[in-house]
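Below is one structure, written out as structure tokens, with a few remarks after it.
The values are calculated or read from the model by the stated rules, or taken from the named source; none is laboratory data. Please read these numbers as outputs of a predicted model, since none were measured by experiment. Cβ atoms come from the backbone with ideal geometry, glycine included; neighbour counts cover every protein chain shown.
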């Protein structure tokens with residue numbers, strides 16, 4: 001039968017996802033972006049899904065599906081590879097007249113997820129009529145046209161191919177801030193090894209059959225060891241796959257991209273690096289803060305705050321930073337912000353120095369807390385900010401009013 005295409009307004013409506021693996025990891029960001037009241041049922045979930053739970057974006061029921069889970073739902077996504085379990089969910093959905101998407105058997109589903117590309121307020125969806133590969137090819141052609149340079153949708157970029165690795169910076173979070181080159185390489189990938197901070201909506205655009213490897217590092221929680229990530233990159237490339245390592249921001253700005261390049265080089269695996277927009281610059285910009293401004297700041301310094309000042313393994317000279325006049329951008333510094341603010345004041349920064357803390361910059365849930373060095377720790381605690389944040393210290397915070 002010919003499907004009837006329809007766009008669903010899911011803002012505030014309950015949507016159920018059954019399954020906590022890679023398929024759910026790919027589909028959840030788009031549902032969250034649509035504003036759905038998302039409930040996920042699965043005994044286990046990936047680290048990337050765990051990060052959404054920790055941030056309060058969705059509700060996780062850590063058990064197997066029960067028919068009552070569908071009460072009040074408008075839509076259900078079945079993201080399990082067990083046909084019997086999927087059939088039980090779709091049967092319960094049919095009894096309640098709830099549309100059901102099935103990852104394991106599209107012909108047994110009552111709704112299909114199309115191949116999607118997003119450009120500003122425009123969403124282009126292509127239904128493949130049972131041929132998802134062709135749908136993706138058509139989608140990619142349209143996406144290239146919209147980006148300003150139509151190419152053959154099935155052509156592999158020159159720097160992609162079997163046995164190669166590409167380190168792609170996806171930018172600060174908004175999927176539109178990935179580079180055109182990065183997006184083209186991602187579309188050609190056989191394997192995608194993805195970070196927690198990579199633009200999640202990009203996963204919804206991957207080709208069918210792409211292997212998704214979750215390499216999330218949750219702050220102060222479970223994470224994948226860097227050595228294991230390096231092993232996966234080399235192993236998949238040696239197996240003849242084209243591997244894209246999709247990273248948040250820029251691969252070489254606190255992204256351990258250098259270690260991954262070294263691991264590939266030592267294994268004889270060709271690797272290309274595609275720069276990304278660093279959150280250290282993009283997030284302040286999205287909050288209306290220029291990191292440099294004529295007559296205000298002629299320099300800016302980017303540091304990691306994941307270790308507290310004085311920690312024996314820290315390479316940051318905090319007393320020296322306190323004596324600078326320019327802008328200071330601190331990444332991964334939320335937990336240690338009270339200590340950072342204290343050491344900067346101790347070594348010369350004025351207590352009334354403006355500070356901005358921007359949560360989830362460029363994303364739907366972006367929030368900004370403005371304070372001073374002497375008040376920022378309390379202000380952030382009161383606002384209950386959560387990672388990821390970018391901390392900006394200096395008069396540029398107030399430069400544009």
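If I ask for residues that are farther than 30 Å from residue 358 by Cα and surrounded by fewer than 23 Cβ atoms within 10 Å (Cβ to Cβ), which ones from the range 243-280 would you list? I'd like the intermediate steps shown before the answer.
Residues of the range 243-280 farther than 30 Å from residue 358 by Cα: 243, 261-272.
Those that are farther than 30 Å from residue 358 by Cα and surrounded by fewer than 23 Cβ atoms within 10 Å (Cβ to Cβ): 261, 262, 263, 264, 265, 266, 267, 268, 269, 270, 271, 272.
Consider residue 255 carefully, then state whether it is outside any helix (DSSP H, G or I), out of contact with any strand residue (DSSP E or B) (no Cβ under 6 Å at 6 or more places or on another chain), in contact (Cβ under 8 Å) with a residue 40 or more places away in the chain and not assigned by TED's automatic domain parsing to the domain that holds residue 344. It would help to see each step written out before you state the result.
On the way: outside any helix (DSSP H, G or I): yes; out of contact with any strand residue (DSSP E or B) (no Cβ under 6 Å at 6 or more places or on another chain): no; in contact (Cβ under 8 Å) with a residue 40 or more places away in the chain: yes; not assigned by TED's automatic domain parsing to the domain that holds residue 344: yes.
Here the answer is no, as residue 255 does not meet what is asked.
I'm told residue 324 meets every condition in (1) surrounded by fewer than 18 Cβ atoms within 10 Å (Cβ to Cβ); (2) assigned by TED's automatic domain parsing to the domain that holds residue 377; (3) in contact (Cβ under 8 Å) with a residue 40 or more places away in the chain; (4) in contact with a strand residue (DSSP E or B) (Cβ under 8 Å, 6 or more places away or on another chain) except one. Can you identify the failing condition by its number?
(3)
Would you point out the residue of the range 281-321, among those that are in contact with a strand residue (DSSP E or B) (Cβ under 6 Å, 6 or more places away or on another chain) and closer than 14 Å to residue 356 by Cβ, that is surrounded by the most Cβ atoms within 10 Å (Cβ to Cβ)?
283
For residue 265, are the conditions met, namely being out of contact with any strand residue (DSSP E or B) (no Cβ under 8 Å at 6 or more places or on another chain) and not in a strand (DSSP E or B)? Before the answer, list the steps.
Working: out of contact with any strand residue (DSSP E or B) (no Cβ under 8 Å at 6 or more places or on another chain): no; not in a strand (DSSP E or B): yes.
Against the criterion (out of contact with any strand residue (DSSP E or B) (no Cβ under 8 Å at 6 or more places or on another chain) and not in a strand (DSSP E or B)), residue 265 does not qualify.
When the range 363-391 is examined, which residues are found to be modelled with pLDDT of 95 or more, surrounded by 17 or more Cβ atoms within 10 Å (Cβ to Cβ) and either in contact with a helix residue (DSSP H, G or I) (Cβ under 7 Å, 6 or more places away or on another chain) or assigned to a loop (DSSP other than H, G, I, E, B) (or both)? Show your work before the answer.
Taking the range 363-391 as the starting set, the residues that turn out to be modelled with pLDDT of 95 or more are 366-385, 389-391.
From the residues that got through so far, the ones that are surrounded by 17 or more Cβ atoms within 10 Å (Cβ to Cβ) too are 368-373, 376-377, 380, 385, 389-391.
Answer for the range 363-391, where residues must be modelled with pLDDT of 95 or more, surrounded by 17 or more Cβ atoms within 10 Å (Cβ to Cβ) and either in contact with a helix residue (DSSP H, G or I) (Cβ under 7 Å, 6 or more places away or on another chain) or assigned to a loop (DSSP other than H, G, I, E, B) (or both): 369, 370, 371, 373, 376, 377, 380, 385, 390, 391.
What tally of residues in the range 272-308 results from selecting those that are part of a loop (DSSP other than H, G, I, E, B) and out of contact with any helix residue (DSSP H, G or I) (no Cβ under 8 Å at 6 or more places or on another chain)? Spell out how you get there, then give the answer.
Quick first cut of the range 272-308, residues part of a loop (DSSP other than H, G, I, E, B) only: 275-278, 287-292, 294-296, 298-299, 305-308.
Going one step further and asking which of them are out of contact with any helix residue (DSSP H, G or I) (no Cβ under 8 Å at 6 or more places or on another chain), we end up with 275, 278, 287-288, 294-295, 298-299, 306-307.
Looking only at that region, the number is 10.
Go through 39, 18 for me and flag whichever is over 20 Å from the mean Cα position of the chain (by Cα), over 17 Å from residue 114 (Cα atoms) and surrounded by 19 or more Cβ atoms within 10 Å (Cβ to Cβ). Spell out the reasoning first.
Details: 39 fails: over 20 Å from the mean Cα position of the chain (by Cα).
Just one listed residue meets the conditions, 18.
So if I check each of 97, 102, which one is modelled with pLDDT of 90 or more, surrounded by fewer than 22 Cβ atoms within 10 Å (Cβ to Cβ) and either farther than 28 Å from residue 183 by Cα or in contact with a helix residue (DSSP H, G or I) (Cβ under 7 Å, 6 or more places away or on another chain) (or both)? Steps first, answer last, please.
Values: 102 fails: surrounded by fewer than 22 Cβ atoms within 10 Å (Cβ to Cβ).
One residue alone meets the criteria, 97.
Does residue 352 count as closer than 20 Å to residue 171 by Cβ and not in a strand (DSSP E or B)?
Values: closer than 20 Å to residue 171 by Cβ: no; not in a strand (DSSP E or B): yes.
No.
Go through (1) without any contact (Cβ under 8 Å) to a residue 40 or more places away in the chain; (2) over 17 Å from the mean Cα position of the chain (by Cα) one by one and return the number of the condition residue 261 breaks.
(1)
Where residues in the range 195-221 are in contact with a helix residue (DSSP H, G or I) (Cβ under 6 Å, 6 or more places away or on another chain) and assigned to a loop (DSSP other than H, G, I, E, B), which of them is modelled with the highest pLDDT?
If we filter the range 195-221 for residues that are in contact with a helix residue (DSSP H, G or I) (Cβ under 6 Å, 6 or more places away or on another chain), which is where we start, we get 196, 199-204, 207-208, 212-216, 218.
Then keep just the ones that are assigned to a loop (DSSP other than H, G, I, E, B); that gives 196, 199, 207-208, 215-216, 218.
Working: 196: 85, 199: 83, 207: 85, 208: 83, 215: 89, 216: 82, 218: 63.
Filtering first and then ranking leaves 215.
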